[in-house]
Amino acid sequence: MPSHHLHAPLRSSTATSTTISTQSFTSRLILLLTLLPLSLAALAFILQWKGNSGFMMDPTTANSRWAPQGSHIKNHEIFPGMELSVLSPKAHKSSDCSSLGRSGAPSFPYFRDWKFDFQANLRPKICITTSTSAGLDQILPWMFYHKVMGVTTFFLFVEGKAASPNTSKVLESIPGVKLIYRTTELEEQQAKSRIWNETWLSSFFYKPCNYELFVKQSLNMEMAIVMARDAGMDWILHLDTDELIHPAGAREYSLRQLLLDVPGNVDMVVFPNYESSIERDDIEDPFGEVSMFKKNYDHLPRDTYFGMYKESTRGNPNYFLTYGNGKSAARVQDHLRPNGAHRWHNYMKTPNEVKLEEAAVLHYTYSKFSDLTSRRDRCGCKPTKEDVKRCFMLDFDRSAFIIASTATEEEMRNWYREHVVWGDKDLKLKLLRKSILTRIYSPMAIIQGLRESGVFSSIIQSAPTTLSRDKFLASVDSSNSTRTVSSESMQSRNTNKSRGNQATARKVLGLETTALFHEAAVPPLSPPGFLVEA
């Protein structure tokens, strides 16, 4: 018992001490858990404030932060469009680019891990050539999307809005872009092209509208080949400004990576085209609003294609509204020549051609209601079934021209909804499940990222006020005596002359025509038809 009494106070004191220690530990833990988030939040705020301050106050630092590896700000070797960024919240006033300047400061939300190494040893070097009359609202997203894909050089044969001073001065300020304008001197060069002495394109000569455009594109491609060779390019593509490359199947989403993996014995790569399938009749920005596409015959099982053919066409003349034979890229090599707007060929051999199983060209055709009237306004043909055959190669283009020329605004809108817009949700779901229709979001996301980063607005704001057309024209003339340039008026002039006079004029070149490998140019072709193939 005495022992019990001696130790009882000791146990009570120990218990009390343990309770106090536990409470103290709990209080400290609570304090730590309270202060830690607050400290982290304060630290994050300080870092963000410093980062934003430096980024907004120092454009050079902002540019160098995300500049390509090995680039130098002073030498303007950073990602094109960001050399002289003007971080002004004021919108740039322009008739055709109001939708481009939606961000005042380039933030590059997704460029941190992208490599824009446009160095001399970067391979392969890729160029795109096009003939366009579009405005900046279409050309800039198209161009910079393909810069992201790895294209370094663009040869733009411009006319109409694209050749206007406000547009051309912006385009000429972009590194890697060469503009070719229609001038009398270049028209004369184009009239002397060896193409006029050959037979592969002759069935398209002296016809209006689309036939005339097809010849013009071929002549421009001939000139672009020489320019590409002089610039040390490895690959050349011909794309319209309503077409985007979709490099699916590559190790990374990159045209450069895709072509880098092509075997060395391949001369030409064919990209089957997917056609835009719009879901509204009020699309204003196809690249930013269209995500549904109809797959090409080459990328579908035969049974699926023909089994769903009638549901896929919805009463239209063909499976696609317009062409279905894709576009191609060619290695820049000796004796290369165009073979129409869709293919390339070679004067001395039959090219070794491969068709890609996953990659495609996304064709945004008739994606805006205004495309009906714009196509109509470009041609002076009569809106009759017989006369439109002289002007257009494809059935849907003919039907659209007649409707646009004869119907009221309301009738045109109803026709557009019936033949172009995909409004039937059940049919869309059915064809999506069959993989005839597919969703592709990558181009939309990339272009939106470019827009939000301020790339387009900075290019517009930093464009110089003076042009250098004459200097560029002189360089073209001196480096290639047989180069050509886009020329609608030249074609019209030649059409009005007698064929005898034209033949005499073309003899000025004195070129001998090679009889070998002169297969006819590949025109825009519709996909396989149900009645023919089934």
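The values are calculated or read from the model by the stated rules, or taken from the named source; none is laboratory data. Worth saying up front: this structure is predicted, and the values here are computed from it rather than measured. Counting neighbours? That spans all protein chains shown, and the Cβs are built from the backbone with ideal geometry, glycine included. Just so you know, the surface numbers come from the protein's heavy atoms only, side chains and all, with ligands and any DNA or RNA stripped out. Shrake-Rupley method; radii C 1.70, N 1.55, O 1.52, S 1.80 Å.
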Single unsatisfied condition, L219 versus (1) part of a loop (DSSP other than H, G, I, E, B); (2) touching a helix residue (DSSP H, G or I) at 6+ places or on another chain (Cβ under 7 Å); (3) touching a residue at least 40 places away in the same chain (Cβ under 8 Å): (1)
Take the residues in segment 509-528 that are modelled with pLDDT of 50 or more and of a type outside the set (A, V, I, L, M, F, W, C), then tell me which one is most open to solvent (accessible area, probe 1.4 Å). E519
Consider segment 291-314. How many of its residues are over 18 Å from L429 (Cβ atoms), outside any helix (DSSP H, G or I) and open to solvent by less than 20 Å² (accessible area, probe 1.4 Å)? 1
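Among the residues of segment 387-415, how many are of a type in the set (F, W, Y) and under 12 Å from R376 (Cβ atoms)? Spell out how you get there, then give the answer.
Here is the first cut: in segment 387-415, the residues of a type in the set (F, W, Y) are 392, 396, 401, 415.
With the extra rule that they be under 12 Å from R376 (Cβ atoms), the set shrinks to 392, 401.
Residues flagged as of a type in the set (F, W, Y) and under 12 Å from R376 (Cβ atoms) within segment 387-415 amount to 2.
Every residue in segment 240-280 that is of a type in the set (V, I, T) and either under 21 Å from V290 (Cβ atoms) or touching a helix residue (DSSP H, G or I) at 6+ places or on another chain (Cβ under 8 Å) (or both), please. If you could, list the steps in order and put the result at the bottom.
Of the residues in segment 240-280, the ones of a type in the set (V, I, T) are 241, 245, 262, 266, 269-270, 278.
Once the filter is applied, which keeps residues that are of a type in the set (V, I, T) and either under 21 Å from V290 (Cβ atoms) or touching a helix residue (DSSP H, G or I) at 6+ places or on another chain (Cβ under 8 Å) (or both), segment 240-280 yields T241, I245, V269, I278.
Going through segment 343-367 one residue at a time, which ones are assigned to a loop (DSSP other than H, G, I, E, B), closer than 21 Å to D234 by Cβ and open to solvent by 10 Å² or more (accessible area, probe 1.4 Å)? Spell out how you get there, then give the answer.
Here is the first cut: in segment 343-367, the ones assigned to a loop (DSSP other than H, G, I, E, B) are 343, 347-352, 356-359, 364-367.
The next check asks that each one be closer than 21 Å to D234 by Cβ; those that pass are 343, 347-352, 356, 359.
Those that are assigned to a loop (DSSP other than H, G, I, E, B), closer than 21 Å to D234 by Cβ and open to solvent by 10 Å² or more (accessible area, probe 1.4 Å): R343, Y347, M348, K349, T350, P351, N352, L356.
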With a cut-off of at least 2 residues that are among the hydroxyl-bearing types (S, T, Y), name the strands (runs of 3 or more DSSP E) lying wholly within segment 236-283. 273-276
Top-ranked residue in segment 149-186 [being open to solvent by 10 Å² or more (accessible area, probe 1.4 Å) and among the β-branched types (V, I, T); ranked as modelled with the lowest pLDDT]: T183
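Residues are listed down the side, and each one gets a yes or a no for (1) part of a helix (DSSP H, G or I); (2) of a type in the set (S, T, Y):
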position: K169; (1), (2): yes, no
position: E185; (1), (2): yes, no
position: E188; (1), (2): yes, no
position: Y211; (1), (2): yes, yes
position: G232; (1), (2): no, no
So, of the residues in segment 264-275 that are in contact (Cβ under 8 Å) with a residue 24 or more places away in the chain and open to solvent by 10 Å² or more (accessible area, probe 1.4 Å), which turns out to be farthest from the chain's Cα centre (by Cα)? N265
Restricting attention to segment 364-391, the residues that are closer than 20 Å to V215 by Cα and modelled with pLDDT of 95 or more number exactly 0
Any idea how many residues of segment 220-274 are more than 30 Å from A445 (Cβ to Cβ) and among the aromatic types (F, W, Y)? 0
Exactly one of these conditions fails for Q190: (1) open to solvent by less than 10 Å² (accessible area, probe 1.4 Å); (2) in contact with a strand residue (DSSP E or B) (Cβ under 6 Å, 6 or more places away or on another chain); (3) not hydrophobic (A, V, I, L, M, F, W, C). Give me its number. (2)
Kindly provide the set of residues from segment 412-445 that are within 19 Å of Y364 (Cβ to Cβ) and among the charged types (D, E, K, R), ordered by number. R417, K428, R439
Checking the condition more than 29 Å from the chain's Cα centre (by Cα) and more than 29 Å from A521 (Cβ to Cβ), which residue from T408, T438 passes? T408
Tell me, please, whether a residue that is within 30 Å of S374 (Cβ to Cβ), open to solvent by 20 Å² or more (accessible area, probe 1.4 Å) and either modelled with pLDDT under 95 or of a type in the set (F, W, Y) (or both) can be found in segment 212-234. yes
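Does G380 qualify as being among the small types (G, A, S), surrounded by fewer than 18 Cβ atoms within 10 Å (Cβ to Cβ), at negative phi and in a loop (DSSP other than H, G, I, E, B)? Before you say what the answer is, go through the steps one by one.
Numbers: among the small types (G, A, S): yes; surrounded by fewer than 18 Cβ atoms within 10 Å (Cβ to Cβ): yes; at negative phi: yes; in a loop (DSSP other than H, G, I, E, B): yes.
So G380 passes the test.
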Return only the number of the condition from (1) surrounded by fewer than 21 Cβ atoms within 10 Å (Cβ to Cβ); (2) in contact (Cβ under 8 Å) with a residue 60 or more places away in the chain; (3) touching a helix residue (DSSP H, G or I) at 6+ places or on another chain (Cβ under 7 Å) that R375 does not satisfy. (2)
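Does segment 428-435 contain any residue that is within 25 Å of Y211 (Cβ to Cβ), of a type outside the set (D, E) and either surrounded by fewer than 18 Cβ atoms within 10 Å (Cβ to Cβ) or touching a residue at least 24 places away in the same chain (Cβ under 8 Å) (or both)? Before the answer, list the steps.
Within segment 428-435, the subset within 25 Å of Y211 (Cβ to Cβ) is none.
No, segment 428-435 has no match at all.
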Enumerate the pairs (first residue in segment 190-210 and modelled with pLDDT under 90; second residue anywhere and basic (K, R)) with beta-carbon separation below 8 Å, excluding pairs fewer than 6 apart on the same chain, so at least 6 apart or on different chains. Y206/R499
